[in-house]
1. I'm told residue 86 meets every condition in (1) open to solvent by 80 Å² or more (accessible area, probe 1.4 Å); (2) within 15 Å of the chain's Cα centre (by Cα) except one. Can you identify the failing condition by its number?
2. Name the residue that is nearest to residue 96 (Cα to Cα), counting only residues in region 38-65 that are touching a Ser or Thr at 6+ places or on another chain (Cβ under 8 Å) and not β-branched (Val, Ile, Thr).
Amino acid sequence: EKVEGWMQELAATGKYTVDAETLAKIQASFAAGYADDAVGAAEIRARFERDGYLCDTHTAVAFHVAEANRSDAPMVVLSTASPFKFPRDVLTALTGAAAPASLRELDKLPVRFNTVIEPAEIRAAALR
């Protein structure tokens with residue numbers, strides 16, 4: 001019944017507020033936090049250097065918040081996206097530099113190759 005009311009409020013106003021009892025229960029089990037772009041970039045770089053794990057910008061924030069809230073309780077960070085979805089930000093985080101101009105301009109160049117080869121055809125195509 002409570003949830004139905006919250007969902008109606010969300011649909012009508014774009015937000016909802018839970019009651020004090022529900023809020024207390026949520027706060028007893030969940031923690032929240034944030035990271036700005038610089039902290040997220042540092043986390044991407046640190047995870048890659050320390051663990052060899054290349055994470056996306058959102059997962060980097062999750063790792064940062066998890067570390068900030070570390071306790072004896074079990075904690076899981078779920079990767080939320082591919083680092084390849086955010087290549088510019090991930091490259092900058094890893095190297096401290098933007099992508100070279102030649103790569104930044106790729107999306108403006110014409111497509112030169114559009115042939116699709118099925119895996120079973122790769123050998124024959126390579127030997128042509």
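The values are calculated or read from the model by the stated rules, or taken from the named source; none is laboratory data. Quick caveat, the model's predicted, so the values are computed rather than measured. A quick note on method: Cβ atoms are made from the backbone with ideal geometry, for glycine too, and the neighbour counts reach across all protein chains shown. These accessible areas exclude ligands, DNA and RNA; they are computed on the full protein's heavy atoms, side chains included. Shrake-Rupley method; radii C 1.70, N 1.55, O 1.52, S 1.80 Å.
1. Only one criterion in (1) open to solvent by 80 Å² or more (accessible area, probe 1.4 Å); (2) within 15 Å of the chain's Cα centre (by Cα) is unmet by residue 86, namely (1).
2. Here is the first cut: in region 38-65, the residues touching a Ser or Thr at 6+ places or on another chain (Cβ under 8 Å) are 40-41, 44, 55-56, 58-59, 62.
Next, from what is left, pick out any that are not β-branched (Val, Ile, Thr): 40-41, 55-56, 58, 62.
Details: 40: 13, 41: 9, 55: 16, 56: 16, 58: 18, 62: 21 Å.
Only one residue tops the list, namely 41.
Residue-by-condition table, conditions (1) open to solvent by 50 Å² or more (accessible area, probe 1.4 Å); (2) over 15 Å from the mean Cα position of the chain (by Cα); (3) modelled with pLDDT under 90:
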position	(1), (2), (3)
35	no, no, no
52	yes, yes, no
57	no, no, no
62	no, no, no
104	yes, yes, yes
111	yes, yes, no
120	yes, yes, no
